[in-house]
Amino acid sequence: MDSPFFATNALKWYDENRRDLPWRNTSDPYRIWLSEIILQQTRVQQGLPYYQRFIAAFPDVFRLAAAPPDKVLRLWEGLGYYTRARNLHACARLVVQNHQGVFPSRYEDLLRLPGIGPYTAAAIASMAFGQAVAAVDGNVYRVLARFFGLEQPINSPSGKRVFQKLAHELLDRQRPGAYNQAVMELGALVCTPKNPACHTCPVRSGCRAFQLNRWHKLPVKAQTRKIRTRYLHYLVFSGGNRVYMKKRKARDIWQGLYDFYCVETNRLQPAEKIVKSLGLRPGYISGVSPAYRHQLTHQKIVARFVVIGNPAGLPADAGLRPYTPAQAARLPKPVLITRYLADTGFL
Ligand code: SF4
């Protein structure tokens with residue numbers, strides 16, 4: 001039906017309009033893999049400087065594999081979803097240890113590496129090795145849902161199967177990497193979530209959503225889980241131009257990043273109450289911040305920072321260590337902590 005029209009026009013448009021991005025001028029799987037991991041949940045504009053910093057620091061997989069974990073997390077700081085950074089590092093190590101630094105070329109083998117799901121495996125296999133597998137990301141779901149007028153929820157297992165099958169049928173067997181990028185680029189530049197540029201769209205004449213004026217209803221998403229609010233009280237022990245920080249170990253948000261001693265409750269509590277609950281004297285409090293708000297994908301963080309100007313009361317076994325401003329600046333930290341330290345003038 002509309003399939004050949006869609007594929008041909010999307011690819012032709014891509015050849016004439018694609019952005020000149022560094023990972024598009026290479027078939028090096030390391031660079032393509034790195035760009036794909038950085039660009040998950042991240043726009044190209046935001047991800048590009050990260051990609052350039054990573055390539056400058058680790059020009060090949062051997063250099064990345066040999067890097068200390070803190071250095072990788074530090075470079076990642078601000079991108080969020082830190083599991084991606086940890087998986088990135090684990091994947092580099094595995095490629096070096098088990099594959100002599102050579103990325104596997106088959107989709108099925110790429111899928112076995114940490115942090116590489118079906119989309120990323122398909123992107124690497126098609127772009128670096130020319131394997132005919134369809135890469136389906138959020139842009140592709142949106143473009144296909146609109147062009148073909150598909151109402152299946154894109155986040156349901158059955159909906160995913162429908163889109164994956166269609167994407168596979170549409171794939172240009174001669175140029176799978178270029179075709180995958182063409183549909184993603186169309187979604188990023190023309191068929192955007194809000195206000196798509198239908199008037200310049202190369203596939204407009206066959207588009208169901210355009211004909212029915214339904215672009216704003218597509219793609220359909222089934223209701224997802226609710227966002228939970230968490231209340232964190234950070235006790236900022238400080239003294240002698242040093243601040244006491246610790247590495248987060250628990251299987252929770254920000255694992256491996258550095259923050260302060262933290263007390264979590266089911267709502268914000270007065271600073272004195274928190275301090276007393278730890279057996280400390282409220283007189284040690286030398287400042288209380290306003291509430292900071294920070295949005296994560298499924299969590300809203302409300303945090304308050306309570307400065308304790310007497311490190312003598314440090315809770316034992318909390319793993320807190322003193323850091324000068326220069327040392328604290330080098331630690332990998334959640335954006336919330338960096339924001340607070342910058343606001344206080346410590347960084
Ligand atoms: Fe998207 Fe509009 Fe193009 Fe349809 S015509 S694919 S809605 S940009």
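With the structure loaded, tell me whether LEU268 is on the phi < 0 side of the Ramachandran plot and not in a loop (DSSP other than H, G, I, E, B) or whether it fails that test.
Considered against the rule, which asks whether it is on the phi < 0 side of the Ramachandran plot and not in a loop (DSSP other than H, G, I, E, B), LEU268 comes out as no.
Answer yes or no as to whether ARG173 is assigned by TED's automatic domain parsing to the domain that holds ALA134, basic (Lys, Arg) and more than 11 Å from the ligand (Cβ to nearest atom).
For ARG173, the condition - assigned by TED's automatic domain parsing to the domain that holds ALA134, basic (Lys, Arg) and more than 11 Å from the ligand (Cβ to nearest atom) - is met.
Mind listing whichever residues of segment 195-223 are small (Gly, Ala, Ser), closer than 19 Å to ASN9 by Cβ and either within 8 Å of the ligand (Cβ to nearest atom) or assigned to a loop (DSSP other than H, G, I, E, B) (or both)?
Within segment 195-223, ALA197, ALA209 meet the criteria.
Quick one: which of ALA134, ALA178 is more than 28 Å from PHE62 (Cβ to Cβ), part of a loop (DSSP other than H, G, I, E, B), more than 16 Å from the ligand (Cβ to nearest atom) and hydrophobic (A, V, I, L, M, F, W, C)?
ALA134
Mind checking which residues of segment 153-165 are surrounded by 20 or more Cβ atoms within 10 Å (Cβ to Cβ) and either closer than 14 Å to SER3 by Cα or more than 16 Å from the ligand (Cβ to nearest atom) (or both)?
Selection gives GLY159, PHE163.
Give me the pairs, please: first residue somewhere in segment 58-71 and assigned by TED's automatic domain parsing to the domain that holds ALA90, second residue anywhere and outside any helix (DSSP H, G or I) and loosely packed, with under 13 Cβ neighbours inside 10 Å, beta-carbon distance under 7 Å, and either six or more positions apart or on two chains.
The qualifying pairs do not exist here.
Residues to consider are LEU186, LEU150, LEU144; find the one that is part of a loop (DSSP other than H, G, I, E, B) and within 16 Å of the ligand (Cβ to nearest atom).
LEU150
Report yes if some residue within segment 269-276 is in the same structural domain as GLY319 (by TED's automatic domain parsing) and among the polar types (S, T, N, Q); otherwise report no.
Yes, some residue in segment 269-276 is in the same structural domain as GLY319 (by TED's automatic domain parsing) and among the polar types (S, T, N, Q).
Which of the residues spanning segment 280-298 are more than 28 Å from the chain's Cα centre (by Cα) and free of Cβ contacts under 8 Å to residues at least 12 places away in the same chain?
PRO282, GLY283 - these are the residues of segment 280-298 that are more than 28 Å from the chain's Cα centre (by Cα) and free of Cβ contacts under 8 Å to residues at least 12 places away in the same chain.
Filter segment 210-266 down to residues that are among the aliphatic types (A, V, I, L, M) and within 16 Å of PRO322 (Cα to Cα), then give me how many there are.
Total meeting the criteria: 5.
Check ARG93, ARG74 and return the single one that is free of Cβ contacts under 8 Å to residues at least 40 places away in the same chain, away from the ligand (no atom under 16 Å from the Cβ) and not β-branched (Val, Ile, Thr).
None of the other options fit; the residue is ARG93.
Looking only at residues that are in contact (Cβ under 8 Å) with a residue 40 or more places away in the chain and in a loop (DSSP other than H, G, I, E, B) in segment 117-131, which one is surrounded by the most Cβ atoms within 10 Å (Cβ to Cβ)?
Among them, the one singled out is GLN131.
The values are calculated or read from the model by the stated rules, or taken from the named source; none is laboratory data. Just so it is clear, the structure is predicted and the values come from calculations on it, not from any experiment. So basically every Cβ, Gly included, is an ideal-geometry build from the backbone, and we count neighbours across all protein chains shown.
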